[in-house]
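Derivation of every value follows stated rules applied to the coordinates shown; laboratory data play no part. All of these numbers come straight from a predicted model, not from anything done at the bench. Quick reminder, even Gly has a Cβ in these numbers, built from the backbone with ideal geometry, and neighbours come from all protein chains shown.
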Amino acid sequence: MIRANGLTKKYGDKTVVDDLSFEVKPGTVTGFLGPNGAGKSTTMRMLLGLDAPTRGTATLGGRAYAGHTAPLTEVGALLEARSVHPGRSARNHLISLALTHGIPGSRVDHVLDLAGITEVAGKRVKGFSLGMGQRLGIAAALLGDPATVILDEPVNGLDPEGVLWIRNLLKSLAAQGRTVLVSSHLMSEMALTADHLVIIGRGKLLADTTVDSFVREAGAGAVKVVTPSATELAALLAGPSVTVTSESPGTLDVRGTDAEQIGRTAAAHGIPLYELTPRAASLEQAFMDLTRDSVEYNTTVISETSVKGHAA
Amino acid sequence: MSTATAPRAGIAPRKATAYRVTFARVVHSEWHKFRTLRSTWITLIGSSVAILGVGLTMGATYEAGGGDSDVDTVLMLLFGFQLAQLMIAVLGVLVTAGEYSTGMVRSSLTAVPTRTPVLWAKAAVFGVVTFVSTLVTVLLTFPLAQLFLTGSDKEMALTDPGVLGTLVAASAGLALLGLIALGLGAVLRSVPGGIGGFIGLVLIVPVILDMLPYTAVQDAVRYFPAKSLESLTMLHPTPDAYPSTGAALLALALWAVAALGAGSLLLKRRDV
């Protein structure tokens, strides 16, 4: 069980994490989502006591991380940045961590095996690929057989086989009753792995929901309309519950009504339609819509400004 | 809360009492980390080779009545300390600052979130190893260099009064000097910064201060690390220019405690 209460982190006057509260329950995989720069890594570092929060507290298994007498058995973590001395072999890296807790060498061999890096365990980490480095990080996270697992972007740099391995690993860890918090900036990846979602943007909590209900809400689908009289049709469709946006001239993206209604309206006013397509709910789209205002580096899409209903 | 406890039953029963962090275990871990890096052995062996090589050269090239004839015998044969102190300082900085440049510190502090035991364990391992390694080196260097000096005015045996004590004190002094570097590395968290800081603060600043025309400053400079270490390598430190052996050891120890104390305080407070 992870509990964040009003976590806030400021660097100077820049607020990176802003009054963030959430809970992560055992037995499920919780996806921690947000665009780059949303504050995911900073939040994870605060959970582990590496960064001190400006305000707020975090507890893992009922205590602050540093309050555990055997922290590696309580929480195993993979951080985004590499946390290994490149001059040491993978096995020696794990042994040095294990020794602090009195964890036996047999457990080191076991996690090396679990992560599939037994063959390279004697090699210096310097020569490791990104994927092998990630596997070593995951081996380190599992070293203490922890009740809670926190992984920051674990699929980074992994090949498709590695990605699949992570997915199954996360699910099996949760199935064993562990608390699993895994960050990603890819909604599609989380949709395949996670049961629960904590979504943040610019350090603020945007959604704390289950994947199922997120999918359901995202399913309030949009309809793509291609017509030479886009402005005219947009004005006709406008209503309190209908939003019409346009990404390119002659193309409308209509939400809040359905294809049938749009077709009837167009026909009634003699507006020709070249295309009328209900869009399948896209998780990635829903995620981007949710976090659009909080993306740190916004690439401005060159488009017509959204055509509002009251356009003449 | 039942949901919080029930699923835990699925995890294999853990030996709650067996696994826990103790200071002895952190020391064991730091010893493992220390000995599994090549840089450790390169700098340690480099330091010993410098002491032995320079000592033997000094012995072999000694001429009675030459430039070295009024130099303290032990100081002359331990002249390699000038080089060795740089290598030991580099090793000291690498032990702490090296963890920051590689990111290893995040792993170390995740395993030991109370943080300060990591620094003190590093200091203990480094201090003991450099002391022992230096002591073994000087116990070899002195009698071997003496082989060249039989019959000269510099002939001296390990068993002559004060010789063994000076060699032990000199080895302790070098280890303490290294601990200052280790503390600086913890404060500055950068390998080049730590080495630069050590060379600047420990080796250069005292020389500049010594040139100032104030007796009080010159008196104080005697107790600076480099000067204190030099004093420890002398069988008979000249009273006007150097602190006594006891005072020099105390001074070096205080410098080391100050550097480590600052490192420890900052380690506790700063984000990683």
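Using the Kirkwood radius over C-alpha pairs as Rh, can you work out the diffusion coefficient of segment A:108-172 via Stokes-Einstein at 25 °C, viscosity 0.890 mPa s, in µm² per second?
Numbers: Rh = 12.1 Å.
Answer from the Stokes-Einstein relation: 203 µm²/s.
Regarding chain B, what are the three Cα extents along the principal axes, ordered largest first, in Å?
The Cα atoms of chain B stretch 89, 43, 29 Å along their principal axes.
Per residue of A:70-81, how many C-beta atoms from partner chains lie within 10 Å of its own C-beta, taken as a mean? Provide the component values of the computation, followed by the final result.
Values: counts 9, 9, 7, 6, 2, 2, 1, 3, 0, 5, 0, 2.
The per-residue average across the peptide is 4.
For the protein assembly as shown, what proportion of DSSP beta bridges, expressed in % and rounded to the nearest 5, is antiparallel? Kindly include the intermediate steps, with their values, before the conclusion.
Values: 34 of 52 bridges.
Percentage antiparallel, nearest 5: 65.
Which residue, A:190, A:144, A:37, has the largest displacement toward the positive end of the dipole of chain A when charges sit on each Cβ (Lys, Arg +1; Asp, Glu -1)?
A:144
Within 10 Å of each residue's Cβ, count the other Cβ atoms and sort A:217, A:161, A:153 from fewest upward. Intermediate results must be reported in sequence, preceding the final value.
On the way: A:217 13, A:161 10, A:153 20.
Ranked by crowding around the Cβ, least crowded first: A:161, A:217, A:153.
Could you state the principal axis extents of the C-alpha atoms in segment A:2-210, from the largest down, to the nearest angstrom?
Here the Cα extents, ordered largest to smallest, are 44, 35, 33 Å.
Can you tell me, using C-alpha contacts under 8 Å and at least 6 residues apart, the relative contact order of chain A as a whole percent?
With pairs under 8 Å counted, the relative contact order is 21 percent.
What is the P(r) of segment A:220-292, as percent of Cα-Cα pairs per 10 Å bin from 0?
20, 56, 21, 3
Within chain B, how many Lys pairs sit with Cα atoms under 27 Å apart, leaving out pairs fewer than 8 places apart on the same chain? Walk me through the numbers before you get to the answer.
Details: B:15/B:33; B:33/B:122; B:33/B:268; B:122/B:227; B:122/B:268; B:154/B:227.
Lysine pairs meeting both conditions in chain B amount to 6.
How would you rank B:264, A:129, A:106, going from fewest to most other Cβ atoms within 10 Å of each one's own Cβ?
Working: B:264 21, A:129 12, A:106 8.
Least crowded to most crowded, the residues run A:106, A:129, B:264.
Report the calculated FRET efficiency for residue A:172 and residue A:258 (r = Cβ-Cβ distance, R0 = 30 Å), to the nearest 0.05.
On the way: r = 42 Å, r/R0 = 1.38.
According to the calculation, E is roughly 0.10.
Principal axes first, then extents: for the Cα atoms of the protein assembly as shown, list largest minus smallest coordinate on each axis, whole Å, largest first.
121, 58, 38
Of the residues B:72, B:210, B:240, which exhibits the maximal mean-square fluctuation in a Gaussian network model of chain B defined by a 10 Å Cα contact cut-off?
Maximum among the listed residues: B:240.
In debye, nearest 20: dipole of chain B around its Cα centre with unit charges on the Cβ of K, R (+) and D, E (-)? Mind dumping the intermediate values first?
On the way: 18 positive and 14 negative charges, 482 e Å.
Result for chain B is approximately 2320 debye, rounded to the nearest 20.
Using a simple charge model, +1 on the beta-carbon of Lys and Arg, -1 on the beta-carbon of Asp and Glu, nothing else, what dipole does the protein assembly as shown show about its Cα centre, in debye to the nearest 20?
Details: 47 positive and 45 negative charges, 283 e Å.
Using Cβ point charges on Lys, Arg, Asp and Glu, the protein assembly as shown gives about 1360 debye.
May I ask which residue of A:134, A:27, A:90 lies farthest towards the positive end of the charge dipole of chain A, with charges of +1 (Lys, Arg) and -1 (Asp, Glu) on Cβ and the Cα centre as origin?
A:90
Mind giving me the FRET efficiency for residue B:60 and residue B:207? R0 is 30 Å, r the Cβ-Cβ distance, nearest 0.05 is fine. Present the calculation step by step, with values, prior to reporting the outcome.
Details: r = 30 Å, r/R0 = 0.99.
E(calc), rounded to 0.05, equals 0.50.
For residue B:222, what is the net charge nearby, where nearby means another residue's Cβ is under 10 Å from its Cβ and Lys, Arg count +1, Asp, Glu -1? Show your work: numbers first, answer last.
Numbers: positive: B:227; negative: B:210, B:219, B:230, B:240.
Result for the neighbourhood of residue B:222: -3.
Evaluate the charge dipole of chain A about its Cα centre and quote only its size in Debye, nearest 20, assuming +1 on the Cβ of each Lys and Arg and -1 on the Cβ of each Asp and Glu. All intermediate terms of the calculation are to be shown ahead of the outcome.
Working: 29 positive and 31 negative charges, 219 e Å.
Dipole magnitude for chain A comes out near 1060 debye.
Say we join alpha carbon atoms closer than 10 Å with springs in a Gaussian network model of chain B; which of B:30, B:155, B:230 then has the biggest fluctuation?
B:155
Which of the lysines could a cross-linker span from residue A:224 if the Cα-Cα distance has to be under 17 Å and same-chain partners fewer than 8 positions apart are dropped?
The reachable lysines, counting only those whose Cα sits under 17 Å from residue A:224, are A:308.
Which lysines have a Cα less than 20 Å from the Cα of residue A:40, not counting those fewer than 8 places away in the same chain?
Correct list for residue A:40: A:9, A:10, A:14, A:25, A:204.
Positive end of the charge dipole of chain A (Lys, Arg +1 and Asp, Glu -1 on Cβ, about the Cα centre): tell me which of A:106, A:199, A:120 has its Cα farthest that way.
Of the options given, the answer is A:106.
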